[in-house]
């Protein structure tokens, strides 16, 4: 359940970055910059989530798999949005 919650949070954060980038009328590359900024920010949040899981006693191998499931889908969507914009 927590994995699904984190994945939903990542998609919501991605949506917020896209909307914030679209709301800036003066800078035409604001959306691209917001998407590029999203990837490392979401990586740090996902890494923090993995660290908390390991501290709570889950095996690192298990948490690494969850990290990939949580981190990769929002980042792939951000990547494809960036590619489509160019």
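No value in this document is a laboratory result; all are computed from the given coordinates. Since we're looking at a predicted model, the values are computed, not measured. We place every Cβ from the backbone using ideal geometry, glycine too, and count neighbours over all the protein chains shown.
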Does residue 11 satisfy being over 16 Å from residue 85 (Cα atoms) and free of Cβ contacts under 8 Å to residues at least 60 places away in the same chain? no
Could you list, in sequence order, the residues of region 25-76 that are more than 17 Å from the chain's Cα centre (by Cα) and assigned to a helix (DSSP H, G or I)? 30, 52, 53, 54, 55, 60, 61, 62
